[in-house]
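Heads up, the thing below is written out as structure tokens.
Every read-out reported here was derived from the displayed coordinates using simple, explicitly stated rules and does not represent laboratory data. Quick caveat: nothing in here was measured; it's all calculated off a predicted structure. As a convention, Cβ positions derive from the backbone with ideal geometry for all residues, glycine included, and neighbour counts pool all protein chains shown.
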Amino acid sequence: MIELIVALLLVASGALVLTAAVGLWRLPDFFLRLHAPAMASTLGAWLVALATVLHFSAPAQAPSLQAWLVIVLLSITAPVSTVVLARAALFRRRQAGDPLPPPLRSTAESGPAPRTPETPEP
């Protein structure tokens, strides 16, 4: 029974990573391409870690938690590296003079944009 659960977890992980690869291939912009692999590969890695823990814990009848160290480190480093890649891409766009995506505004700031001295009065 454990082998079946481990196999299902590994197949689900493979399907998630395949979905991330298709998203990486199909999405047109670098910033859109960041999202699909970051989310799906992290969840896929969690499924592989769970399958590993189940596979090695079942014969010993004791929890084998060494695999969780890998997934904890991956869960910390994957979002950080995604943010660093996005900031580097924004910096390169700014240096090249390309148009930047509009900044995000919170709901409290959803009023009219603040006027600058260069903005003519209506």
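The alpha carbon centroids of segment 27-63 and segment 75-100 are separated by 24 Å.
Whole-Hz Karplus values for segment 55-70 come out as 5, 8, 7, 4, x, 7, 6, 8, x, 10, 9, 5, 5, 5, 4, 5 Hz, taken residue by residue from phi with 6.51 cos²θ - 1.76 cosθ + 1.60 and θ = phi - 60°; glycine and proline positions read x. Straightening the chain between Arg26 and Arg92 buys 21.5 nm, computed as 0.36 nm per residue apart minus the Cα-Cα spacing. Using the Cα coordinates of segment 26-77, the gyration tensor eigenvalues translate into equivalent-ellipsoid semi-axes of 31, 11, 4 Å, sorted from longest to shortest. Once the C-beta distance of Leu69 and Met1 is scaled by a Förster radius of 35 Å, the resulting FRET efficiency is 0.85 to the nearest 0.05. Testing the spin-label approximation: label points 7 Å from Cα along Cα→Cβ at Ala60 and Leu43. State their distance in nm. Rounded to a tenth, the inter-label distance reads 3.0 nm. Structural size metrics of segment 2-98, computed from C-alpha coordinates, are Rg and Dmax of 17.2, 61 Å.
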